[in-house]
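*Asks:* First the structure, then my questions, so here it is.
The values are calculated or read from the model by the stated rules, or taken from the named source; none is laboratory data. Keep in mind it's a predicted model, so treat the numbers as computed, not measured. Note: ideal-geometry Cβ built from the backbone for every residue, glycine included; neighbour counts use all protein chains shown. Surface areas here come from the heavy atoms of the whole protein model, side chains and all, with no ligands, DNA or RNA. Shrake-Rupley method; radii C 1.70, N 1.55, O 1.52, S 1.80 Å.
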Amino acid sequence: MAGLFITFEGMEGAGKTTLIQKLAAHFSASGRDVLITREPGGSGLGKKLRTIILNAEEKISSSAELFLFLADRAEHIEDVIKPALEQGKIVLCDRFTDSTVAYQGYGRGMDRALLETLNGVAAGGLVPDLTVVLDLEPEVGLSRAKKRNAEQNLTVEEGRFEAEALIFHRKIRQGFLEMAQSGGRFFVVDAMQDAEAVFEQVKRKIENMPETEKQR
Ligand code: Z5A
């Protein structure tokens, strides 16, 4: 596929949305076609699934939760990501397969090898060209998210994961860092830095990727 597929992972409130918006503005201004998308909720079906998955009042088992994320992903790839990559776009995706391993594996304690297999099925073998992991103390991420929700008057309709104890969020952080130790497509950034510093670092990384150079 001709495009570039970049995923963004990390704790809640790590700054993924902020970073993705800055990158999209930068690459659009330099003439690239950019698509911003997210999981869950990147497709038409996904939007409906998102309201079910993240609603804290809806009790669902860990397995049901997992299969909803996987259904969201399968549809997202077929309906949104693959067509965009085929059109040569830079696809900036807020969360992808690594969130499943971090949250359902490290967080909920589900078998990680099984999750890798199921991720492979749902993603149809699609692997990101680059995965940016925004790393920060969970306390900081949660307090940033809380502050943003208060400032933007957001209701807590999507609170399933916010409601988890701090220890859950610590396991998620550990999960992302352990996965990133494999190197390869992972790029870990210190998300305690200010948003501009984070943006500059990731922008440089993307501009220096062989895939980006090829497309110039
Ligand atoms: N999940 C799962 O369990 N399994 C899966 O397979 C998948 C997902 C795909 C989706 O959450 C939940 O689904 C997620 C994992 C689970 N749950 N959690 N937790 P979501 O999509 O609703 O939200 P999120 O992905 O967790 O992110 P977020 O809360 O929207 O945060 P963010 O996008 O990373 O941060 P932000 O909105 O850019 O920034 C937050 C605030 O901090 C905001 O006011 C910014 O202005 C500020 N900010 C941003 N950067 C900085 C810096 N560098 N310094 C200071 N302040 C900053």
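*Asks:* Over all distinct Cα pairs, what is the inverse of the mean 1/r for the range 105-195, reported as the Kirkwood hydrodynamic radius in Å? Spell out each step's value before the answer.
*Replies:* On the way: mean 1/r = 0.0658 Å⁻¹.
Kirkwood hydrodynamic radius for the range 105-195: 15.2 Å.
*Asks:* Which length gain, in nm to one decimal place, applies between Leu166 and Ala71 when the Cα-Cα distance is subtracted from 0.36 nm times their residue separation?
*Replies:* Numbers: separation 95, 0.36 × 95 = 34.20 nm, distance 2.78 nm.
Here the answer is 31.4 nm.
*Asks:* Please tell me the relative contact order of the chain in percent, rounded to the nearest whole number, where contacts are Cα pairs under 8 Å and at least six residues apart. If you can, show how the numbers build up before the last one.
*Replies:* On the way: 315 pairs, mean separation 70.0, N = 216.
Relative contact order for the chain comes out at 32 percent.
*Asks:* What residues have an amide H closer than 5 Å to that of Gly88, excluding those fewer than 5 places away on the same chain, when H is modeled at 1.01 Å from N in the peptide plane?
*Replies:* Amide H neighbours of Gly88, under 5 Å, 5+ apart: Ala2, Gly3.
*Asks:* Given H placed 1.01 Å from N in the peptide plane, which residues other than close sequence neighbours of Phe186 have an amide H under 5 Å from its amide H?
*Replies:* Distant-sequence amide H within range of Phe186: Thr131.
*Asks:* About its Cα centre, what dipole magnitude does the range 92-178 give when the only charges are +1 on Lys and Arg Cβ and -1 on Asp and Glu Cβ, stated in debye to the nearest 20?
*Replies:* Using Cβ point charges on Lys, Arg, Asp and Glu, the range 92-178 gives about 200 debye.
*Asks:* Let me ask something else. If amide hydrogens are placed 1.01 Å from N in the peptide plane, which non-local residues have theirs closer than 5 Å to the one on Met11?
*Replies:* Leu136
*Asks:* Now a separate question. From the gyration tensor of the Cα coordinates in the chain, what semi-axes in whole Å does the equivalent ellipsoid have, largest first, with each one equal to sqrt(5λ)?
*Replies:* Each semi-axis is √(5λ); the values are 25, 21, 17 Å.
*Asks:* Just need the relative contact order of the range 101-216 here, percent rounded to a whole number, with Cα pairs under 8 Å and 6+ apart.
*Replies:* Numbers: 77 pairs, mean separation 42.2, N = 116.
Relative contact order of the range 101-216: 36 percent.
*Asks:* Students often get this wrong: which residues of the range 97-130 have the backbone nitrogen under 20 Å from the point 7 angstrom along Cα-to-C-beta of Gln174?
*Replies:* 98-116
*Asks:* The range 61-166: Rg/Rh from Cα coordinates, Kirkwood Rh? Working shown, then result.
*Replies:* Values: Rg = 15.6 Å, Rh = 15.7 Å.
For the range 61-166, the value is 0.99.
*Asks:* Now for a separate question. About the Cα centre of the range 89-134, how large is the charge dipole given +1 on each Lys and Arg Cβ and -1 on each Asp and Glu Cβ? Please answer in debye to the nearest 20. Intermediate results must be reported in sequence, preceding the final value.
*Replies:* Details: 4 positive and 5 negative charges, 19 e Å.
Dipole size: approximately 80 debye.
*Asks:* Next question, about the same structure. Determine ³J(HN,Hα), in whole Hz, for all residues of the range 140-146 in sequence, where each value follows from phi through the Karplus function 6.51 cos²θ - 1.76 cosθ + 1.60 and θ = phi - 60°; x replaces Gly and Pro.
*Replies:* 5, x, 5, 6, 4, 5, 4
*Asks:* For Thr117, Thr131, give the ranking by accessible area with the largest first, probe 1.4 Å. Write out the running numbers ahead of the final one.
*Replies:* Details: Thr117 85, Thr131 0 Å².
Putting Thr117, Thr131 in descending order of accessible area: Thr117, Thr131.
*Asks:* Can I ask one more? Suppose R0 equals 30 Å. What FRET efficiency, 1/(1 + (r/R0)^6) with r the Cβ-Cβ distance, do Asn55 and Asn208 give to the nearest 0.05? Can you show the working numbers first?
*Replies:* Values: r = 41 Å, r/R0 = 1.37.
FRET efficiency, Asn55 to Asn208: 0.15.
*Asks:* Another question about this same structure. What are the ³J(HN,Hα) values, in whole Hz, obtained from phi via the Karplus relation 6.51 cos²θ - 1.76 cosθ + 1.60 with θ = phi - 60°, for each residue of the range 130-135 in sequence order, with x given for Gly and Pro?
*Replies:* Those phi angles translate into 8, 10, 8, 9, 8, 9 Hz.
*Asks:* Suppose R0 equals 41 Å; then what is the FRET efficiency for Ala145 and Glu78 from their Cβ-Cβ distance, rounded to the nearest 0.05? List each step's numbers first, then the result.
*Replies:* Details: r = 30 Å, r/R0 = 0.74.
In this case the efficiency is close to 0.85.
*Asks:* I've got another one for you. 222 nm [θ] for the chain, helices only, -39500 (n - 2.57) per DSSP H run of 4+, per residue, to 500?
*Replies:* Details: 9 runs with 104 residues, N = 216.
Helix-only estimate at 222 nm: -15000 deg cm²/dmol.
*Asks:* Kirkwood hydrodynamic radius, the range 15-71, all distinct C-alpha pairs: what's the number in Å? Please list the in-between numbers first.
*Replies:* Numbers: mean 1/r = 0.0756 Å⁻¹.
Taking every pair of different Cα atoms in the range 15-71, averaging 1/r and inverting gives 13.2 Å.
*Asks:* Which of the lysines could be linked to Lys146 by a straight reach, that is with a Cα gap under 25 Å, when you skip same-chain ones fewer than 8 residues away?
*Replies:* Partners found: Lys16, Lys22, Lys47, Lys48, Lys59, Lys171.
*Asks:* Under a Cβ-Cβ cut-off of 13 Å, what is the net charge of the residues other than Pro138 that fall near it, where Lys and Arg count +1 and Asp and Glu count -1?
*Replies:* On the way: positive: Arg144, Lys146, Arg170, Lys171, Arg173; negative: Glu12, Asp135, Glu137, Glu139, Glu162, Glu164.
Once all neighbours under 13 Å are counted, the net charge is -1.
*Asks:* OK, next. List, in order, the whole-Hz ³J(HN,Hα) value for each residue of the range 78-83 obtained from phi through the Karplus relation with A = 6.51, B = -1.76, C = 1.60 and θ = phi - 60°; use x for Gly and Pro.
*Replies:* 5, 8, 10, 6, 4, x
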